[in-house]
Each structure stands twice: as C-alpha cells, then as structure tokens.
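One structure is given below, encoded as structure tokens.
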Ligand SMILES: Nc1ncnc2c1ncn2[C@@H]1O[C@H](COP(=O)(O)OP(=O)(O)O)[C@@H](O)[C@H]1O
Ligand SMILES: [Mg+2]
C-alpha cells in the first residue's frame, strides 16, 4: 500500500502541473516562455534605440500579450531603471483616460484634462524620464472603438519619436496588418518596429511542453509530443490545455512519464474544459433536430481541409476529407448548403467568407475553433486515419 507521504507527493505533482500550464493566462515568467527569439530581439532593439517604438500584431491567441510581458525582463540599462506597465484598451477607453491610467501606473502625478494632446503627453514624460525609462504597452488596441483615440495615439508616438523622448510605446492587438490596427492615416514610418506574430513553429510548441516537463521532472513519449504539437496547430493555448490534462492524468496514475493512454484521456478533458465560448459556438453550429444531418461531419472536414497561408480554404478542399470521413464520395453540391449556413447568423458565423460566387473561400473566424474540432474528431473517433496526426 502506498504510504501517506507517497500519496502526498503525487498530489503535490498534480498541483504543480496546474501551476506551469496556463491555458487561460498570458505568460509572465521568462523561464516558462518558449521561442519567439526574433520578436524578442526586435522589441529589445526598439527600446534601446531612442525615439523607436513597436507594434505587435497577429491572430488572437498566438502569444502577443505574453511576449509584451516578457521582453521587458531582457532590457538592461546600467543607470536608469526600466519600468514597464501594460494598459488594456477597451471599447470605452479614450485618449485622456488611457494616459491618466498610464501615468497612475507609472506613479507620475499629472492631471490629464480633456484638452490634453500629444505634446502635453510628451512634456509630462520628458519631465520624469531622467529618473527612469518607462515602457508603456497598450494591449488589446483593436478593441478601441474610437478612430480619434487611435489617431491621437499614433500622433503621440510620432511626437515622442521626433523628440527622442526616452519612453517606449508598444501597441499590441489583433490584426492582419499595421494599418488595420493603427489609424489608417498614421505615418509613423521607420520609428515604429513592426512585429508580426505568426503562429508558433512546431519547435516552439515543443519547447512549451519540454520546458514544463523539465521543471516538473517528468517526461513525454516522442509520439505523444508529436501529437500535441500537431493538435495545437501553432496555437500555444492548446499546447497548454492538452499538456495540463495529459500531465495531470499521468500524475493521477502515479507515473512521471506521459504516454498515449494519458493523452487520449486528456483529449476528452480538453473538450469538456475548453473555453465555454468555443463549446457553445460549436454546439450552435452543429445543432440539428435530424439525426441524419451532416453538420458535424462537414465541419470536421472543413477543419481538415488544406488552407492557404491566411487560413482560407475552398469548397473543393472539403471534398476529400468529407469523403474520407463518410467512407463514400461526396461532391460540392451535397455540402454547399452547410458551408453557406456556417457563414450565417443561425449557425453563429462560425466561418467567414471572401471572394466572389463560385470562387468563395472560407476561414474559421475564431482561430481557436479549428483545433477544437480536430480534438472532437479524435475523441469521437470520427477523424479518418489518414488525417489523424
Ligand atoms: N512564448 C510562449 N511560451 C509559452 N506559452 C505561451 C507563449 N506565448 C503564449 N503562450 C500561452 O498561449 C496562450 C495565449 O497567449 P496570449 O499571450 O494571451 O496570446 P494573445 O495575447 O496573442 O491572445 C496563453 O495560454 C499563454 O500562456
Ligand atoms: Mg492578448
């Protein structure tokens, strides 16, 4: 019989697993941050070059906030103290209250009046930057609803840059491009380092798992690691989600090595514990009173379709995976209606559509949806062999 102490060790390990895997929160500890070497370098350079600022943009969930949290740990200044603060934007933020909050966070006493403009911000920052080096991160910039606020912030960056003020501004948000995120007219030019955040590479996702295994004194079968990487599709959130449950399953069964049995149990937990919004939209998109409906299968086929660099696929790309799922040939007319419905309110706009009739291309609106559907297919054993990583 296991001793009391032994039981406690496994319980402790089970708890520790939850402390290193963080599917729901950005990283704030450098040791647990994986990859992103180029992006880190670009950000550090932006801080070290007076008058330079940076903008981080990419899909939801790729790790933008985590990068913005971590990079400041690598900025070294012999004399001045680096003070980094992150300000979250939202639909009701305006220029003045964003700066009021920034100054409060930095401990700068300033009364930001309604008439405060870019030059007033610059002078306020200049008055303190002899003592320390402020870095201000405006996160979730895409949520700002006021174009005026964006334009004023863009002007502020320009002003700070023209005067070589030693404050660094980092703008972070969900967008495909800089112009989509910042005000269109913004001409900040060379003083703004553009930092696109792509999905993580397979090596970077592996590193997320490896670092945590090492910290926990645990190991992972090579085949399991390969699958976690494949299921994650470059999104670190899923590496954390699958890792959390697979490692906990091993700890529960009192072993320090994660094998395929732990992984398959973990996948079931991932589906139960995935973000509520993801589960809800999946249910809504696949709901049908008729049991012979094809919504789940077509959606699974969409998630397996070949995509272009921007994540888009065509109806023709769904033919093969759907035929494999159904073990019978299915042509476009048999599922065209489903695709159309996935792009409609009734099924929650799961897919977005571009292009013109007969040449429509589709994409999952929420990047976190595709891996979820794949995991559903794995758990329900409906994913065709050839498509199961
Ligand atoms: N470089 C990284 N190493 C390890 N985990 C990461 C890394 N970047 C992001 N994550 C994890 O991925 C998830 C999404 O990260 P987050 O920074 O919130 O993304 P975004 O701000 O782009 O939406 C979180 O669970 C976070 O812990
Ligand atoms: Mg974020």
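Read-outs throughout are calculated quantities, based only on the coordinates presented, and are distinct from any laboratory measurement. Since the structure is predicted, the reported quantities are computational estimates derived from the model, not experimental observations. A quick note on method: Cβ atoms are made from the backbone with ideal geometry, for glycine too, and the neighbour counts reach across all protein chains shown.
Stretched out straight at 0.36 nm per residue, the stretch from residue 38 to residue 178 would grow longer than its current Cα-Cα span by 48.6 nm.
Ranked by how many other Cβ atoms sit within 10 Å of their own Cβ, fewest first, the residues 271, 136 fall in the order 271, 136.
The stretch between residue 77 and residue 145, if pulled fully straight at 0.36 nm per residue, gains 20.9 nm over its current Cα-Cα span.
When the Cα gyration tensor is reduced to axis lengths a ≥ b ≥ c, the ratio a/c stays below 1.5 for segment 277-387, which is therefore classed as rounded. What is the ratio of the Cα radius of gyration of segment 206-246 to 2.2 N^0.38 Å, with N the residue count, to two decimals? Working it through for segment 206-246, the quotient is 1.02.
Relative to the longest principal axis of the Cα atoms of the chain, the long axis of helix 118-128 lies at roughly 80 degrees.
Taking the longest Cα principal axis of the chain as reference, the axis of helix 260-273 is set at about 60 degrees.
Among beta bridges identified by DSSP and lying wholly in the chain, the antiparallel ones come to about 20 percent.
Label sites at residue 8 and residue 264, each approximated as a point 7 angstrom past Cα along Cα to Cβ, lie 3.6 nm apart. Here's the picture: a label point sits 7 Å out from the Cα of residue 354 along the beta-carbon direction, and within segment 189-205 the residues with their amide nitrogen under 18 Å of it are 196-199. Taking the fewest neighbouring Cβ atoms within 10 Å as the starting point, the ordered list for 237, 111 is 111, 237.
Annotation for residue 381 and residue 280: the two label points, set 7 Å from Cα along the Cα-Cβ direction, are 3.3 nm apart.
Quick check: from the Cα gyration tensor, does segment 1-152 come out rounded (a/c under 1.5), prolate or oblate? Prolate, because a/c is 1.5 or more and a/b exceeds b/c. How far, in degrees from 0 to 90, does helix 95-106 lean away from the longest principal axis of the Cα atoms of the chain, to the nearest 10? On a 0 to 90 degree scale, this one is about 80. Using a simple spin-label model with pseudo-atoms 7 Å out from Cα toward Cβ, residue 123 and residue 291 lie 7.6 nm apart. Computed across the chain, the Kirkwood hydrodynamic radius from all distinct Cα-Cα pairs reaches 23.3 Å.
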